[in-house]
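Peer 1: Below is a structure I'd like to ask you about.
None of the figures in this text is laboratory data; all of them are computed from the coordinates on show. It should be emphasised that the depicted structure is a prediction, and the values quoted were computed from it without experimental measurement. Cβ placement follows ideal geometry from the backbone for every residue including glycine, while neighbour counts extend to all protein chains displayed.
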2 protein chains.
Amino acid sequence: MSFNEIANQFVKFYYDTFDSNRSGLAGLYRDNSMLTFETNQIQGAAGISEKLVGLPFQKVVHRISTFDAQPAGPDGSIIVMVTGEILFDEETNPQRYSQTFHLLPEGGSYFVLNDIFRLNYA
Amino acid sequence: MSFNEIANQFVKFYYDTFDSNRSGLAGLYRDNSMLTFETNQIQGAAGISEKLVGLPFQKVVHRISTFDAQPAGPDGSIIVMVTGEILFDEETNPQRYSQTFHLLPEGGSYFVLNDIFRLNYA
């Protein structure tokens, strides 16, 4: 698979899982993974999963606007930047967001070393 | 310097140079660097510099809204995601943008291996 196909599969899995069952994201992270979620920085799979599961909304829907991937080094790692809209709970006005992932190969699959998420306020 | 300080210095230099003298950005890229600028993908310092210098506006001002950095591996590389506003030429309505940089250490300094830029349309 090309880096674009890998990134595309990852992004689809990530947001499908985020929007349906956030606890299913834990397996994407390792002990050296980092998540920046707005102004919070968390290191390690356990803390990241706890943060994601505990986010204060019940229902969430991501809609991707743009999605760009690049190979990020000779080790096969991949960088992905996503921009899109996110709808929380019963809100009807989506908020725009940007998110960057750094994916590292591991035993035929990939894990998330870096994850940076920001809402884009107008 | 911490990764946050390095990223902060880089971001300041990058946008100051972009807004005053785009040709000064060439030295930040190498032959294996990649730029995604909207839907265009370019590899290599020469092509990236040509693309940046040839962008069809004379005056440009970036205003940073958020800026987040993370260490991106044991080699000292750094990932930075910036969101902000950009004003082209005589326009008075800024457009929102997102940009991701992957910085790699090289001889006491850093170069840009990955650069992804997208305007965020509402």
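Peer 1: Given the structure, is B:F57 surrounded by fewer than 17 Cβ atoms within 10 Å (Cβ to Cβ) and not in a helix (DSSP H, G or I)? Steps first, answer last, please.
Peer 2: Numbers: surrounded by fewer than 17 Cβ atoms within 10 Å (Cβ to Cβ): yes; not in a helix (DSSP H, G or I): yes.
Yes, satisfied.
Peer 1: Being in a loop (DSSP other than H, G, I, E, B) and surrounded by 20 or more Cβ atoms within 10 Å (Cβ to Cβ), is that true of even one residue in segment B:74-88? Please lay out each step first, then the result.
Peer 2: Let us first name the residues in segment B:74-88 that are in a loop (DSSP other than H, G, I, E, B), namely B:74-77.
Filter once more, so that each one left must be surrounded by 20 or more Cβ atoms within 10 Å (Cβ to Cβ): B:77.
Yes, some residue in segment B:74-88 is in a loop (DSSP other than H, G, I, E, B) and surrounded by 20 or more Cβ atoms within 10 Å (Cβ to Cβ).
Peer 1: Is it true that A:T100 is free of Cβ contacts under 8 Å to residues at least 24 places away in the same chain and surrounded by fewer than 20 Cβ atoms within 10 Å (Cβ to Cβ)? Before the answer, list the steps.
Peer 2: Values: free of Cβ contacts under 8 Å to residues at least 24 places away in the same chain: yes; surrounded by fewer than 20 Cβ atoms within 10 Å (Cβ to Cβ): no.
When the stated conditions are applied, A:T100 does not pass them.
Residue by residue, here is whether (1) under 13 Å from the mean Cα position of the chain (by Cα); (2) in a strand (DSSP E or B); (3) surrounded by fewer than 15 Cβ atoms within 10 Å (Cβ to Cβ); (4) not aliphatic (A, V, I, L, M) holds:
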residue: B:N4; (1), (2), (3), (4): no, no, no, yes
residue: B:V11; (1), (2), (3), (4): yes, no, no, no
residue: B:Y15; (1), (2), (3), (4): yes, no, no, yes
residue: B:F18; (1), (2), (3), (4): yes, no, no, yes
residue: B:A46; (1), (2), (3), (4): no, no, yes, no
residue: B:L52; (1), (2), (3), (4): yes, no, no, no
residue: B:Q70; (1), (2), (3), (4): no, yes, no, yes
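Peer 1: State which residue pairs qualify: first residue in contact (Cβ under 8 Å) with a residue 12 or more places away in the chain and inside segment A:5-26, second residue loosely packed, with under 12 Cβ neighbours inside 10 Å and part of a helix (DSSP H, G or I) in any location, beta carbons under 6 Å apart, and separation of 6 or more residues or different chains.
Peer 2: Listed by first residue and then by second, the contacts come to nothing, as the list is empty.
Peer 1: Considering only residues of segment A:20-44 that are assigned to a helix (DSSP H, G or I) and hydrophobic (A, V, I, L, M, F, W, C), which is surrounded by the most Cβ atoms within 10 Å (Cβ to Cβ)? Outline the logic, then answer.
Peer 2: Within segment A:20-44, the first condition is being assigned to a helix (DSSP H, G or I), and the residues that meet it are A:20, A:22-28.
Now restrict to residues that are hydrophobic (A, V, I, L, M, F, W, C): A:25-26, A:28.
Working: A:L25: 20, A:A26: 15, A:L28: 22.
Across segment A:20-44, the extreme among qualifying residues is A:L28.
Peer 1: Go through (1) surrounded by fewer than 19 Cβ atoms within 10 Å (Cβ to Cβ); (2) away from chain B (no Cβ under 14 Å); (3) without any contact (Cβ under 8 Å) to a residue 60 or more places away in the chain; (4) outside any loop (DSSP other than H, G, I, E, B) for A:P105 and report which single condition fails.
Peer 2: Among (1) surrounded by fewer than 19 Cβ atoms within 10 Å (Cβ to Cβ); (2) away from chain B (no Cβ under 14 Å); (3) without any contact (Cβ under 8 Å) to a residue 60 or more places away in the chain; (4) outside any loop (DSSP other than H, G, I, E, B), A:P105 violates only (2).
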